[in-house]
Amino acid sequence: MASKKLIYLFPCLAEKRKKVLQKIEQEYPEIKIVPIICAGRFNTDIALKLINDGADGIVVLGCEPGDCHYREGSAISERRFLLVKHTLKAFGFEEERFQALWHKPSEVKGVMNELNLFMEKLASIEQKGVEE
Amino acid sequence: MRKRLQKQKLSSLIKKLKEDATVIAPVMTDKNEVDFLPVNSEEVILSGARSLYSPKKYIFKQSESMYDYTIQDSGKVTVKESCENEKQIIMGIRPCDLHAIEYMKEFYSGKYKDSYILRRLENSVLIGLACTEPSTNCFCTSLGNSPVDTDGSDIMMADAGSFYFVKGITEKGKKLIENNKDIFEDSQEDDERVLSDIKESCEKAILEKIDVTALKNKVGSAYNSDIWKKYSDICVNCGACTFNCPTCTCFDVADTSRSKNEGCHYRTWDTCQNFAFTLHASGHNPRSTSEERLRQRVMHKYQYTVDQMDQFSCTGCGRCTQVCPVGISMIAILKDIKEVVDNGEE
Amino acid sequence: MEKNKKAPSINQNPYIPFFGKLTDIIDESHVTKRFFVELPKGHEKVDFIPGQFFQLTVPGVGEIPISLSDYIPEKKSLLFCIANTGIVTNKIHQMKVGEFIGVRGPYGNGFPIEKFKGKNIVIVAGGIGLFPLRSVIEYYFRNKNDFNKLEVLYGARNPREIIFREEMKSWRLKKDTTCKITIDKPEKGWDGNTGFVCNLVDKNYSDSSEILFHCAASERENTVVLVVGPPVMFNSILKKLEEINFPDDSVYLSLENHMKCGIGKCGHCNCGSKYVCQDGPIFSWKELKTMEKEY
Amino acid sequence: MKKQIEKNIKSLLHSIWKSGDMAISWTKTSIPGKRTPFFIKNKNQIDQLVFDTFCAVSLATYLTEFNRKEILPEDFKGKLHITCKPCDARSVMQLFSDMQVSEELVNLIVIQCDGIADESKLTKIMSGYVSNIEEENDRFICKGIGGTEKSVPIRDCWLDKCSDGKNCDLPYYYGYYFVGNETEYRKRISNLLHTKTDLVQDTMSPKELKKLVNKELSSCIRCNACRNVCPACFCSDRCVFEQPKVNVKYLDSEDASKNNILYHMIRFNHVAPNCTGCGECERACPMSIPLSMFYKYFNRLMWEEFEYKPGKTNSERQKLLSYHLGEDLV
């Protein structure tokens, strides 16, 4: 049952990220890609809203902390994302639904690997839900 | 039409009524509070003081859809009105809440008629219950109401020890009694005295009494006084008072979309204590301070509706005082107003 | 106002709009546009008094009150002039010809136009306040014989925000009509008046109102002043009018409290014991003096 | 004992009062068991203040409202004295460290507290309203409106946070006055602080928890009481929920219960880094929603992840919203 998943990807708009995004579009056409300026600029409330409205997963794709074009951008959001995960947990959503991926803009393989893992996790959550 | 209902027959009455309507009555929730909820049969609580939550939510819902829209491919929009026609019977409403429903009925009529609420009122049978015990916050007698008032109800009940004294008030109520006449018994001649007994004992137990009726049309003169500042300092402008108030009628209207072409237009409760309530699109806010918003709430209850409809829109249930997280008491405000008004007259 | 309409029954739901087609959209200034809405079958006839407003709905976005600028019976369409200020107006600005917009109304009391007959009309407007007054101006020209002179005093923030530019030129050419425009601050390429619109009702100002200050005293007595604009603006106008002892029952203002339902139920526009949407939005200065200052 | 503390507060205030000062404290209302905040604007009002077992309202909330309204009188030129229970004192500390209120302005008076009772809990225990309450040692002697009389242990009416004891520690701050016996107080709470409590988040599966959250929050009426009494919610009129022009309308669903979950999720997501666990939200909630099940979780999270307890000192910057280059992550 891999059909009809609602997954949002928020990539930061580093120049060299185009290649990855193309690849993701090819492999996972169901993922909705919403570009943002920087992962540090990501409004975490939106993640909460989307998941509450029934999205299956949210992925934020940003540069490694310390490597961010805006210096502290992704580092500060790393901490905030931790809070989002715990907010989800506290309210009875699976925290795995929210995931931040930190990669160099030019990297493709690593991103795809992690994305695969993420998709598998989502599938297993669903499996669990069915079993229960 | 006067009848008796033996207490053990109550559950069979509810069972019978449930056949063609939802029966709503005060029950004990798992948080140990009395609330109006749809009931099965036995757990109904028809004793003690009025419930913390009013039955307003079954007439004026916290949020309700007003219409659904669909945008067709041609761009045309079709609208489907949300229309509830479910019958409901609300039991155990105390006179203060009955007054509130009566007020609401009048407010939502007028030149333009709020069809959602009026339709729901038409589909409901309201069974009142004479109030045997006040809460610490009650002050209905201050507003000229009494714990055994029947206006607003279709049927009035009163606890008379082993049985309930039942009185059909409106046609709707009398019909209901007629349909279930095997459950009711005929009443004795002096049963009516129950009401006056309850009235006497209940009124005696009310802690606070201040003659608000004498203030009718005079509350407005306290508009510029400094009592508002005293309370607005403390007030946190949360709106718990307005949402728990049985007569607060304000609502907000908004649209939401379910998909690209579908969605609904709905309304939710709103409160004048909210900063954004009066905010203009330009950024100007007529009631930008806490003081003005608190004054609006009090003035609206005791002056503005007197101007518009010649009645207070407060029934003295005291819920605003009870739920206030910082302990602002409506009676204290009224006492201050009275002082200001009296001083002004001298 | 005589409202000879029958009171509707419960089943006539006043909250349900009907949908009209946008037949034409014209850019007015850089933040305002004109929208012509064609009335659908069954709703062609509109009993409307200048100054009344309609509730416009964009499905899925929201509902807002907008004053009617004109009703064109020949074309069976309504003219709304809308500034881009909030979420809903922004959405309306993005709409294209052929799309549908929800309309219900007209609501409010409108200007007591019958009372104005045989009098001079002075219109004072700031910014987009001229939009609702356009219906009065159109009414004036259609029933020219009923009225005396007309003067439009208009203040805009800057020349780019001046609305009804072309119309104003044509109004000026007509008999008995004057138009005066002012912008808030001096700007390159503007050789007209500068300063706030309240200057135009100041007797010491060089280019002040013709009817109020440069005509016979009897003319001034036979005049009504209609003011529409933000609260800051109309308060300063009222101050100026107070200085010349202008009678308060000949000044009419439009309040623009936040409204949601348009029919006096939602409580947002409550101001004292009045609901601005139902008892207003047009109030005379005399009424306003007795009301709480919550507008 | 309590009478003595009240007396001490009054005499302390009298001794430190200078003209132009203001104080925030509690006073009685006409309703038994209800205390209301009280703004003392001149010296002869000091004697009206009350401190007893029912002073539940946290006065720290009012410090957040300096931006919102003019609570200071026009002739204010001195200090703002604020009486606090130890748990509220930590909220004040948090406001200091978030730079919401200047330390120079506020004079903190911490009062020894042996647990605060909740009037609504008393009503529930009595299963009726009370017309008169008297305190005797550690019991309330209550007289019901119907005429019944009952003695109730004070401990049964305590606010949840008082029986837990996790919020009772004093902040590390040199500048407060303590009314009562500080060493005795510290001794009493020292063994309370490290009790471990189980949270629903640990014991329940997400699905069960979701059900529970759904059930509890479906009764929320969105009156904003939890937000407005929260000392950590200092955005007042500029709160996200009150922005008419926000592009994303967060709460636009006609389904109220779904909406409520989002409201509380966003609220906790915003305040969790500053939440001292004062429990005001739960106390203020007119629908008795057990909001503690959420804030306790976040309190523990802050401690476990960052060794950070909001409100511990007046200068520690909260960890979730600040970052300096080179600092360790998480």
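The values are calculated or read from the model by the stated rules, or taken from the named source; none is laboratory data. Please read all numbers here as calculations on a predicted model, not as lab measurements. Cβ: placed from backbone, ideal geometry, glycine included. Neighbour counts: every protein chain shown. Ligands, DNA and RNA are stripped out before the accessible areas are found, and what is left, the full protein with its side chains, is counted by its heavy atoms. Shrake-Rupley method; radii C 1.70, N 1.55, O 1.52, S 1.80 Å.
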Within the stretch B:142-171, work out how many residues are touching a helix residue (DSSP H, G or I) at 6+ places or on another chain (Cβ under 9 Å) and either loosely packed, with under 15 Cβ neighbours inside 10 Å or assigned to a helix (DSSP H, G or I) (or both).
5
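Matching residues to (1) of a type in the set (Phe, Trp, Tyr); (2) under 25 Å from residue C:290 (Cβ atoms); (3) within 22 Å of the chain's Cα centre (by Cα); (4) not assigned by TED's automatic domain parsing to the domain that holds residue C:157:
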{"position": "C:194", "(1), (2), (3), (4)": "no, no, no, no"}
{"position": "C:198", "(1), (2), (3), (4)": "no, yes, yes, no"}
{"position": "C:207", "(1), (2), (3), (4)": "no, no, no, no"}
{"position": "C:210", "(1), (2), (3), (4)": "no, no, yes, no"}
{"position": "C:220", "(1), (2), (3), (4)": "no, yes, no, no"}
{"position": "C:223", "(1), (2), (3), (4)": "no, yes, yes, no"}
{"position": "C:237", "(1), (2), (3), (4)": "no, yes, yes, no"}
{"position": "C:249", "(1), (2), (3), (4)": "no, yes, yes, no"}
For the stretch B:287-314, what are the residues that are open to solvent by 10 Å² or more (accessible area, probe 1.4 Å) and in a loop (DSSP other than H, G, I, E, B)?
B:288, B:289, B:310, B:311, B:312, B:314
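Residue-by-condition table, conditions (1) in contact with a helix residue (DSSP H, G or I) (Cβ under 8 Å, 6 or more places away or on another chain); (2) of a type in the set (Gly, Ala, Ser):
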| residue | (1), (2) |
| --- | --- |
| D:87 | yes, no |
| D:91 | yes, yes |
| D:97 | no, yes |
| D:100 | yes, no |
| D:107 | yes, no |
| D:115 | yes, yes |
| D:127 | no, yes |
| D:133 | yes, no |
| D:140 | yes, no |
Report yes if residue B:323 is closer than 23 Å to residue B:134 by Cβ and either touching a Leu at 6+ places or on another chain (Cβ under 9 Å) or among the aromatic types (Phe, Trp, Tyr) (or both), otherwise no.
yes
Restricted to the stretch D:163-182, and to residues that are at pLDDT below 85 and within 28 Å of residue D:138 (Cα to Cα), which residue is least open to solvent (accessible area, probe 1.4 Å)?
D:165
Could you check the stretch D:1-15 and list, in sequence order, the residues that are out of contact with any Gly (no Cβ under 8 Å at 6 or more places or on another chain), of a type outside the set (Gly, Ala, Ser) and within 21 Å of residue D:106 (Cα to Cα)?
D:6, D:9, D:10, D:12, D:13, D:14
Taking the stretch B:275-291 only, how many residues are within 7 Å of another protein chain (Cβ to nearest Cβ) and touching a helix residue (DSSP H, G or I) at 6+ places or on another chain (Cβ under 7 Å)?
5
Which numbered condition in (1) facing chain C (nearest Cβ under 9 Å); (2) surrounded by fewer than 18 Cβ atoms within 10 Å (Cβ to Cβ); (3) under 29 Å from residue C:278 (Cα atoms) is the only one that residue B:113 fails?
(2)
Can you name the residue in the stretch D:205-225 that is more than 30 Å from residue B:275 (Cβ to Cβ) and assigned to a helix (DSSP H, G or I) and, of all such residues, is most open to solvent (accessible area, probe 1.4 Å)?
D:211
Just to confirm my filter: which helices (runs of 4 or more DSSP H) fall fully inside the stretch D:250-306 and include at least 3 residues that are within 14 Å of chain B (Cβ to nearest Cβ)?
D:256-271, D:280-284
Scanning the stretch B:211-237 residue by residue, the ones that are open to solvent by less than 10 Å² (accessible area, probe 1.4 Å) and hydrophobic (A, V, I, L, M, F, W, C) total 6
Return the total of residues in the stretch B:55-73 being more than 10 Å from chain D (Cβ to nearest Cβ) and under 30 Å from residue B:96 (Cα atoms).
5
Going by what's in this entry, would residue B:196 be described as surrounded by fewer than 19 Cβ atoms within 10 Å (Cβ to Cβ), part of a helix (DSSP H, G or I) and in the same structural domain as residue B:105 (by TED's automatic domain parsing)?
yes
Residue pairs meeting the criteria (Cβ under 6 Å; at least 6 apart or on separate chains; first at the interface with chain D (Cβ under 7 Å from one of its Cβ atoms), in the stretch A:66-81; second hydrophobic (A, V, I, L, M, F, W, C))
A:78/D:329; A:79/D:320
Restricting to the stretch B:219-231, what's the tally of residues that are part of a helix (DSSP H, G or I) and at the interface with another protein chain (Cβ under 7 Å from one of its Cβ atoms)?
0
Check on residue D:185, in contact (Cβ under 8 Å) with a residue 40 or more places away in the chain, surrounded by 13 or more Cβ atoms within 10 Å (Cβ to Cβ) and within 17 Å of residue D:161 (Cα to Cα)
yes
Looking at the stretch C:266-295 only, could you name the residues that are at the interface with chain B (Cβ under 9 Å from one of its Cβ atoms), in a loop (DSSP other than H, G, I, E, B) and open to solvent by 10 Å² or more (accessible area, probe 1.4 Å)?
C:273, C:292, C:293, C:295
With the requirement that a residue be open to solvent by 10 Å² or more (accessible area, probe 1.4 Å), outside any helix (DSSP H, G or I) and touching a residue at least 40 places away in the same chain (Cβ under 8 Å), what does the stretch C:132-154 give you?
C:148, C:149
Residues satisfying the stated conditions in the stretch C:75-108, i.e. touching a helix residue (DSSP H, G or I) at 6+ places or on another chain (Cβ under 7 Å), in a loop (DSSP other than H, G, I, E, B) and buried (at least 17 other Cβ atoms within 10 Å of the Cβ):
C:108
Can you tell me which condition residue B:203 does not meet? The list is (1) part of a helix (DSSP H, G or I); (2) free of Cβ contacts under 8 Å to residues at least 12 places away in the same chain; (3) charged (D, E, K, R), and all the others hold.
(2)
Is it the case that the stretch A:31-49 has a residue that's part of a loop (DSSP other than H, G, I, E, B), open to solvent by 20 Å² or more (accessible area, probe 1.4 Å) and within 21 Å of residue A:93 (Cα to Cα)?
yes
Top-ranked residue of the stretch A:93-102 - restricted to ones that are touching a residue at least 24 places away in the same chain (Cβ under 8 Å) and more than 17 Å from residue A:25 (Cβ to Cβ), ranked as surrounded by the fewest Cβ atoms within 10 Å (Cβ to Cβ):
A:96
Residue B:34 being closer than 18 Å to residue B:98 by Cβ and either more than 14 Å from chain D (Cβ to nearest Cβ) or open to solvent by 30 Å² or more (accessible area, probe 1.4 Å) (or both):
yes
Those residues of the stretch C:229-253 which are within 13 Å of chain B (Cβ to nearest Cβ), open to solvent by less than 50 Å² (accessible area, probe 1.4 Å) and not in a helix (DSSP H, G or I), in sequence order
C:229
If we keep just the residues of the stretch C:44-74 that are more than 14 Å from chain B (Cβ to nearest Cβ), farther than 20 Å from residue C:279 by Cβ and not charged (D, E, K, R), which is surrounded by the most Cβ atoms within 10 Å (Cβ to Cβ)?
C:69
